[in-house]
1. Tell me, yes or no, whether the stretch 245-256 has at least one residue that is more than 30 Å from Lys168 (Cβ to Cβ) and loosely packed, with under 14 Cβ neighbours inside 10 Å.
2. In the stretch 84-106, is there at least one residue being open to solvent by 40 Å² or more (accessible area, probe 1.4 Å), out of contact with any Ser or Thr (no Cβ under 7 Å at 6 or more places or on another chain) and more than 21 Å from Ser301 (Cα to Cα)?
3. Looking for something touching an Asp or Glu at 6+ places or on another chain (Cβ under 8 Å) and within 27 Å of Leu176 (Cβ to Cβ) - is there at least one such residue anywhere in the stretch 325-332?
4. Sort out which residues of the stretch 195-229 are open to solvent by 70 Å² or more (accessible area, probe 1.4 Å) and part of a helix (DSSP H, G or I), and write them in order of number.
5. Scan the stretch 230-244 for residues that are open to solvent by less than 40 Å² (accessible area, probe 1.4 Å) and part of a strand (DSSP E or B) and report the count.
6. Counting only residues that are more than 15 Å from Leu106 (Cα to Cα) and open to solvent by less than 40 Å² (accessible area, probe 1.4 Å), which one in the stretch 10-53 is modelled with the lowest pLDDT?
7. So in the stretch 284-313, with the set limited to residues that are part of a helix (DSSP H, G or I) and modelled with pLDDT under 90, which one is surrounded by the most Cβ atoms within 10 Å (Cβ to Cβ)?
8. Scan the stretch 151-194 for residues that are at pLDDT below 90, buried (at least 17 other Cβ atoms within 10 Å of the Cβ), part of a helix (DSSP H, G or I) and of a type in the set (S, T, N, Q) and report the count.
Amino acid sequence: MAAISSTLLEIAFILYLVAVFLFGGSIRDKRSKTDKMSKWTVLAVATTIIGFVVQLGYFITRWIASGHAPVSNLFEFTTAFGMMLVLAFIILFFIYRVAVLGLFTLPIVIIIIAYGSMFPSDISPLIPSLQSHWLYIHVTTAALGQAILAISAVAGIIHLVTVVDQTKSTKKTFWLEAVMYVLVVTIGFIIITTTFRAMDYQAEFNWVDKEGQEVVMEFNLPALVGPHEGELITEGKFEPFVELPAIISARKLNTVIWSVIIGSILYGAMRLIFRKRISQLIKPFTKNVNLDLVDEIGYRSVAIGFPVFSLGALIFAMIWAQIAWTRFWGWDPKEVWALITWLFYAAYLHLRLSKGWHGEKSAWLAVVGFAIIMFNLIFVNLVIAGLHSYA
């Protein structure tokens, strides 16, 4: 059953890739200017739906194989988040019929799934604190809320790529390009992790954790930074330049550093080859975008996603925390950033409804909100040790 689930995830991944090209054909097709549901669009949406159904099959078969909801580690949560993002797109597409939304959403889904696939995918028993029906109630609802909120960022990126003047360097072009850079860095993570996984690279360190106990940490990339009071016990492997305090996961921060290095090299190569910003490269695909409609999609995504996220990431989380840890709230890094995310989108709605922040201002807010979500998913999970460090 586990092998079947892995195969289904791979098939879904391929179908999403195909759908991206079909959505690209839909946007480039001159007839699509007047025909919102051209043949290209119909094929693209149908392929996306089939991909979602296949990925849902992966989710169900992995649940059967593991005996618990497959959202207990970074591989499972990230792939589930990607699936929820596709579901959110499908729902919003049939409401608004905007093909360019698929062209920008699915590449992000592909990167997210590929990112998650770099983590260990073996099925393992749940640790005691996760053995509860609140696991799938809390985590799946939080993932769905984040996915719907993420659609607002996709709409925001489409809006900004359309309206930001790329003929001159400004703060707007800098920050828009920063978004593209982060996506490339994520691709860098996929490249470097795949490379050293193929080489079967492993290096073990004895180190002292924050409880003062000596444990073993395994690195799958050469250690540029090492664990607290770490001692390399694998012969012939790379010695770290710096030791980190126990509160920071050296293995995971090392992965982030390698990702930034490789991603920066990849980004630099793309700039040299194409001689223009990435946001400038994709601008032709937004040439016929209805900005008012895109702005409406961005707002509706937050209006729907915010209460779902509030329910899953805060209310359900606090109920489970009381059951598991006998307190509703602590200052665990994951809890803090969930609250920051909630406060940010509450501010978004306030500024949108009370202060009239529509159009470009709203788009920037949506992109910043997604950056907070991804910071929580990547940096908080990978670098900061806490009660939610299950990856």
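1. Yes, the stretch 245-256 contains a residue that is more than 30 Å from Lys168 (Cβ to Cβ) and loosely packed, with under 14 Cβ neighbours inside 10 Å.
2. No, the stretch 84-106 contains no residue that is open to solvent by 40 Å² or more (accessible area, probe 1.4 Å), out of contact with any Ser or Thr (no Cβ under 7 Å at 6 or more places or on another chain) and more than 21 Å from Ser301 (Cα to Cα).
3. Within the stretch 325-332, none of the residues are touching an Asp or Glu at 6+ places or on another chain (Cβ under 8 Å) and within 27 Å of Leu176 (Cβ to Cβ).
4. Passing the criteria: Arg197, Ala198.
5. Selection size over the stretch 230-244: 1.
6. Ser32
7. Kept after step one, since they are part of a helix (DSSP H, G or I), are these residues of the stretch 284-313: 284-286, 291-313.
Checking which are modelled with pLDDT under 90 leaves us with 284-286, 312-313.
Numbers: Pro284: 11, Phe285: 19, Thr286: 21, Gly312: 21, Ala313: 25.
The selected residue is Ala313.
8. Final tally of qualifying residues: 2.
The values are calculated or read from the model by the stated rules, or taken from the named source; none is laboratory data. For clarity, every value in this text was computed on a predicted model and none was experimentally measured. Using ideal geometry, Cβ is built from the backbone for each residue, glycine included, and neighbour counts are taken over all protein chains shown. Please note that ligands, DNA and RNA were not included when accessible areas were found on the heavy atoms of the full protein model with its side chains. Shrake-Rupley method; radii C 1.70, N 1.55, O 1.52, S 1.80 Å.
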